[in-house]
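The values are calculated or read from the model by the stated rules, or taken from the named source; none is laboratory data. Note that this is a predicted model, so its numbers are computed, not measured. Note that each Cβ is placed from the backbone with ideal geometry, even for glycine, and that neighbours are counted across all protein chains shown. Just the protein is used for accessible areas: all its heavy atoms, side chains included, with ligands, DNA and RNA removed. Shrake-Rupley method; radii C 1.70, N 1.55, O 1.52, S 1.80 Å.
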Amino acid sequence: MRPTRGRPGVVGPLALLLAACATDEGIPEGKLARVGDVVFGPEDVAAVSAQLGAYAQLRFAGGDGHGALLGALVDAEVLAQEAIRQGLGDDPRVEYALLEEVAGVYLSAELERRVPYAEVAADTAALRAWLDAHPDAFVEPEQRSAEGVVFERWVDAERAMAALDLGAVQLEELGELLKTPLQARDDHEFPGFHVVLFDPALRVGDRLPQPVTLAERLFVGRVHEVVPARRGDLDDPAVRERVVQAVREPRLAAARAALMEELAARFPESG
């Protein structure tokens, strides 16, 4: 629909937060949102829904769908009121911007129809194929921790190392054992520590071959825990969601390109 003089009457998808920020007045009972003096109720959402095509009506049905349409109404009203405040109520650029918002709602619904999210998410074979083709996409690096005793002076740390080498004492006998958290290797943050801790030759229980610097003190210890590097898999919900988006993205791009071609054929530009 085209904007009317003084108040563009179209919708666009965005933030109910704008409604909350737009006025200090409350929302009347039975209504849903307010922008300045304009109040929106269920009847306004129903009116917007009635303007959509059959598929889009299904796409924006239910509580979440109605919430999206209400957000569209609120967003358009905020834009309209701001345009009027700036004296741009009749500016064709305002009309164009609001029509773009309308197009966004329809485009979202049409792309969902052509490339349903649920269909991609259920295509485990395609998801696994993408993951196999991108083996480094979701690799969690090896993590290690250490346990040992802290010394203030280098000479004391060296004496402790010598006693350990001779078998005269056990690490536990040198003082209170402290454990570092599991961490991925970061030679920049821990230049005098991780280069030693992450020596591939060291295994759990192996003693660090020299005192290392830890928080400006000297640490004599051993490898406490090693968590090998692992590749994220589809059983991890976060990994699965990112793979779904990666698989769906080119399909959406192709669907959008096809839609644009169809629209261009149906609505050729006039000379």
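In region 222-239, the residues that are farther than 24 Å from V204 by Cβ form Cβ pairs under 7 Å with partners that are surrounded by 12 or more Cβ atoms within 10 Å (Cβ to Cβ) and not aliphatic (A, V, I, L, M), at six or more places apart or across chains, as follows: L234/R128; L234/R240; V239/F138; V239/G232; V239/D233. Could you tell me whether any residue of region 243-266 is surrounded by 13 or more Cβ atoms within 10 Å (Cβ to Cβ), in a strand (DSSP E or B) and modelled with pLDDT of 95 or more? The answer is no, given that none of the residues of region 243-266 is surrounded by 13 or more Cβ atoms within 10 Å (Cβ to Cβ), in a strand (DSSP E or B) and modelled with pLDDT of 95 or more. Residues in region 203-241 that are within 17 Å of A160 (Cα to Cα), open to solvent by less than 70 Å² (accessible area, probe 1.4 Å) and of a type outside the set (G, A, S): D206, L208, P211, V212, L214, L218, F219, V220, R222, V223. Taking the conditions exactly as written (open to solvent by 30 Å² or more (accessible area, probe 1.4 Å) and either in contact with a His (Cβ under 8 Å, 6 or more places away or on another chain) or of a type in the set (K, R) (or both)), does D186 satisfy them or not? The answer is yes for D186. The criterion of at least 1 residues that are within 30 Å of R242 (Cα to Cα) is met, among strands (runs of 3 or more DSSP E) falling completely within region 124-232, by 143-151, 217-227. Against the condition charged (D, E, K, R), under 30 Å from A118 (Cα atoms) and in contact with a strand residue (DSSP E or B) (Cβ under 7 Å, 6 or more places away or on another chain), how does R231 come out, does it pass? Yes: the conditions hold for R231.
For region 171-214, the set of residues classified as of a type in the set (V, I, T) and in contact with a helix residue (DSSP H, G or I) (Cβ under 6 Å, 6 or more places away or on another chain) consists of V212 only. Being of a type in the set (A, V, I, L, M, F, W, C) and open to solvent by less than 70 Å² (accessible area, probe 1.4 Å) is the requirement here; does L171 meet it? For L171, the condition - of a type in the set (A, V, I, L, M, F, W, C) and open to solvent by less than 70 Å² (accessible area, probe 1.4 Å) - is met.
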